[in-house]
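A short write-up of the structure that comes next.
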């Protein structure tokens, strides 16, 4: 299989994604993703004070954060009234900082790397979004969808 | 104000830090100069306001007032220029040129010197009119006017002219001696003054009156005798000085000799003349800088009225000019007891009807019984006698007589066009005489709030009932609200300008506007000054004018009582037109000419290219320019100053995980603090306390800056410009004094400088704020700037946004008003840090805007 494309060709600029500092609240994160819904970006990039990436808040992280703690024990036989799930203590949970819910960023990819390498890292790290670094500086992200499109196009040309 | 571009944590400061230069002493010195400038600015504006009010013609003042006001103003202007140059290391030397230019023009304003006209020695009352002050003195000129133009009854009288005085002193060869003694005497040495006074009075009393003058006086006396048919005619001899009318403060300085016979006439004449050399009169004259040549005194010779009772009548209550009441003050016998307050007078207040069926109500009041009265002896001289028992119990004036006096004095007021203060007497036959009339000296000042406001004009809806009069007058027109001065191009001619804040930039519109109403603003501010200059009625502090008055509404602005009515109120408009036809006295003319060099404001827009020292044309321009530049210089200096930690104390608080270096310039900290650390409650600086309250009112969210190592794993290098990181070494500074603070602060990549002065005078107060920086992309940073600007504008700041930098300012408000704004600012500084990060799109701006307003409203009370 042959593809000339490098990660830098598929990179999405940072500014296209919602950003938040890690002490921002779950409520603010929801607002961010709500207003970003039409753009198709479904992840909040989480930074620290020095604008360094510390994590990502995905849809699943948010949904998980919305659930009360006891719901996590559902499998152990705790009965749940599904329709009332969000009512219980949600105000409090909405005010919690997102660092408690986010997925830590565990890997990056260099802008010059091949897209297959990026795909490989995603599979290993079980993520669909990878931070892209160029010369030590974070320049954006690549997502699994774009990689998938490139790679499958190449496969069909084989 | 032109703002510094960037950075405010400047290279200069860092270089100084490296060299270890400690600039605390310089800062303290500059701050002192700055404070002096603020004080002089306020004093200058207050003086200008007062002069403008006098120039409206409603109030009595004298040459001395004009001279001393100008001296005081010029002193303040010079002080401002000096302070600004001290503050800026002599950057604005051109201001002195501007000052000299104005000063020269003012000094050269021709000062209509009172020349003594060549007239007869004696001028009969029948031939005397108001415009003959220089010939027969103020008192007699007014009396002649009362008799000949108004036609009210006055006693027979004649004046011995100023020309007669001049002939007398020349003939007796004492003129040059008097002039020399007067110019040499040191009025601060009381013994010397008394001595000189005694010598001068003796000179006059011993001098011989020229024979032809004596003859003229006797001739006139004989003629008066014939006219009155009194064989043993007695007269009163009264001073009638040239400047007595225009210099109200001179009133009562000179003597009057009562009940003089022909034998004593010349003696009495000399006595009255010599009274202008009493120590008190001399002091006054010299102190106010008058020339001796102006000491020309005419003398009135007035038939004695055999007074049953006499007294004073005011056409208005000086304590409440707006009320329609006449005050009468009356005693039995001769009136000098009433004037001198020797016996308890009976007082009358005559007011238009309060009840049905009568036109006026008269209320009498007598503190105590009048036991003695002054009585004129037939042989000349006066005697104090007991008030007869039957009189002691009765009132001096019947209702009918009181009403007559009311009619008299209102006629005088109508003729002279100003409230009057008249002396009257009624003889034993019941005939009334006016003895004197002069403008009422009102102690009522425009700056004071009206003590008791008159009833509203009925039948018209009052739209606004609050506010201070910034410029007196009445006008009607359609409302036009302006949000900022940029929208002023299509302001309708004759519109009523309605604004939230009284910014000087609106001055240009006052050429078109018929009236001005502002929700807030100082009556000593620039815009108020311009309104008075242009005679545009203005009400400031109307609270909610911008909420109540809608574009296009027809309103009448009552800048006399401080109200706004719906529609046109004809009665008020007429009232506003009155008093504009007041004839200009020489002194009024002089003041107005002077004000033309002082009050116009040409330097309206600080952003304009010609906003330069050399372009200042008036004193008002100089104050405006200097104030503006002083703020800029102070701010720049604050940003570039390095003060070593040795001169500072460290402030830490559990509420905010930051550390500040605090430098106290003067009384900003509680006295007696030991050691080099500080608690927030040890700060007593007024603006800093307010700012701190805002910074800490809502709990801090997030980390101490740059304390994330080992806490979260950082994957990549910073997403931001590496240059920004170099500022992270800068420290947070607070420079403060009792009324001032300059706070520079860094939170992450965000830099802000806040400076504020909160003193006792509105015109001194201001808040300046700059905010810049951020680690996000340009789009986000710009959105964050727009967001902060919206918040600050909501709280009345004027905001300028240039890309991602914010410059905000608010000024000339009372302390409490600005304290609330400082709290808002404190909250904004702390809680908008890193907010650029979250400004994903405009919808996020909206969301955070609402969210932040909620946070601010939780601790700041600002009535909207």
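The values are calculated or read from the model by the stated rules, or taken from the named source; none is laboratory data. In this text, all values refer to a predicted model and were calculated from it rather than measured experimentally. All Cβ positions, even for glycine, are placed from backbone atoms using ideal geometry, and neighbour counts span all protein chains on display.
When segment A:111-157 is filtered for residues that are touching a strand residue (DSSP E or B) at 6+ places or on another chain (Cβ under 8 Å), more than 14 Å from chain B (Cβ to nearest Cβ) and at positive phi, nothing remains. When A:75, A:67 are checked against the criterion of being away from chain B (no Cβ under 14 Å), at pLDDT 75 or above and farther than 30 Å from residue B:750 by Cα, a single residue qualifies: A:67. Restricting attention to segment A:114-158, the residues that are farther than 16 Å from residue A:8 by Cα, outside any helix (DSSP H, G or I) and under 19 Å from the mean Cα position of the chain (by Cα) add up to 3.
Tell me yes or no: at least one residue of segment B:830-844 is under 22 Å from residue A:24 (Cβ atoms), in a helix (DSSP H, G or I), away from chain A (no Cβ under 12 Å) and touching a strand residue (DSSP E or B) at 6+ places or on another chain (Cβ under 8 Å). Checked against the condition, which is being under 22 Å from residue A:24 (Cβ atoms), in a helix (DSSP H, G or I), away from chain A (no Cβ under 12 Å) and touching a strand residue (DSSP E or B) at 6+ places or on another chain (Cβ under 8 Å), segment B:830-844 yields at least one hit. Among the residues of segment B:550-566, how many are closer than 22 Å to residue B:505 by Cβ and surrounded by fewer than 24 Cβ atoms within 10 Å (Cβ to Cβ)? Summing the residues that are closer than 22 Å to residue B:505 by Cβ and surrounded by fewer than 24 Cβ atoms within 10 Å (Cβ to Cβ) in segment B:550-566 gives 1.
Screening residue B:748 on (1) crowded, with 24+ Cβ neighbours inside 10 Å; (2) more than 14 Å from chain A (Cβ to nearest Cβ); (3) out of contact with any helix residue (DSSP H, G or I) (no Cβ under 7 Å at 6 or more places or on another chain); (4) at pLDDT below 90 shows it passes everything except condition (2). Tell me which residues, restricted to segment B:75-95, are out of contact with any helix residue (DSSP H, G or I) (no Cβ under 6 Å at 6 or more places or on another chain) and either buried (at least 16 other Cβ atoms within 10 Å of the Cβ) or not in a loop (DSSP other than H, G, I, E, B) (or both). Residues satisfying the conditions are B:75, B:78, B:82, B:85.
When residue B:513 is tested against (1) at pLDDT 90 or above; (2) surrounded by fewer than 24 Cβ atoms within 10 Å (Cβ to Cβ); (3) assigned to a loop (DSSP other than H, G, I, E, B), just one condition goes unmet, and that condition is (2). Listed conditions (1) out of contact with any helix residue (DSSP H, G or I) (no Cβ under 9 Å at 6 or more places or on another chain); (2) surrounded by 24 or more Cβ atoms within 10 Å (Cβ to Cβ); (3) under 29 Å from residue B:597 (Cα atoms) are all met by residue B:545, apart from (3). One residue alone among B:855, B:773 is within 14 Å of another protein chain (Cβ to nearest Cβ) and farther than 25 Å from residue A:27 by Cα, and that residue is B:773. Taken over segment B:653-677, the criterion of being touching a residue at least 24 places away in the same chain (Cβ under 8 Å) and closer than 30 Å to residue B:761 by Cα is satisfied by B:660, B:661, B:662, B:663, B:664, B:665, B:666, B:667, B:668, B:669, B:673. Residues in segment A:36-50 that are more than 7 Å from chain B (Cβ to nearest Cβ) and touching a strand residue (DSSP E or B) at 6+ places or on another chain (Cβ under 9 Å): A:41, A:43, A:44, A:45, A:46. Restricting attention to segment B:173-201, the residues being closer than 16 Å to residue B:274 by Cα, in contact (Cβ under 8 Å) with a residue 12 or more places away in the chain and assigned to a helix (DSSP H, G or I) number 12. For residue A:81, indicate whether it is surrounded by 14 or more Cβ atoms within 10 Å (Cβ to Cβ) and either touching a strand residue (DSSP E or B) at 6+ places or on another chain (Cβ under 7 Å) or at pLDDT below 90 (or both). Considered against the rule, which asks whether it is surrounded by 14 or more Cβ atoms within 10 Å (Cβ to Cβ) and either touching a strand residue (DSSP E or B) at 6+ places or on another chain (Cβ under 7 Å) or at pLDDT below 90 (or both), residue A:81 comes out as no. Could you tell me whether residue A:105 is touching a residue at least 24 places away in the same chain (Cβ under 8 Å) and under 14 Å from residue A:142 (Cα atoms)? Against the criterion (touching a residue at least 24 places away in the same chain (Cβ under 8 Å) and under 14 Å from residue A:142 (Cα atoms)), residue A:105 qualifies. The residue that is farthest from the other protein chains (Cβ to nearest Cβ), counting only those in segment B:790-799 that are assigned to a helix (DSSP H, G or I) and surrounded by 19 or more Cβ atoms within 10 Å (Cβ to Cβ), is B:792. Looking across segment B:433-472 at every residue that is at pLDDT 85 or above and closer than 27 Å to residue B:411 by Cα, the one that is nearest to the chain's Cα centre (by Cα) is identified as B:437.
Scanning segment B:361-408 for residues that are free of Cβ contacts under 8 Å to residues at least 60 places away in the same chain, farther than 16 Å from residue B:307 by Cβ and assigned to a helix (DSSP H, G or I) yields B:389, B:390, B:392, B:399, B:400, B:403, B:407.
From the list B:650, B:674, the one residue that fits, being away from every other protein chain (no Cβ under 14 Å), surrounded by fewer than 23 Cβ atoms within 10 Å (Cβ to Cβ) and modelled with pLDDT of 85 or more, is B:650. Give the residue, chosen from A:26, A:10, A:53, A:33, that is in contact (Cβ under 8 Å) with a residue 40 or more places away in the chain and either within 12 Å of chain B (Cβ to nearest Cβ) or closer than 11 Å to residue B:840 by Cβ (or both). Matching residue, one of A:26, A:10, A:53, A:33: A:53. When B:698, B:684 are checked against the criterion of being at negative phi, more than 10 Å from chain A (Cβ to nearest Cβ) and modelled with pLDDT under 90, B:698 stands alone in meeting it.
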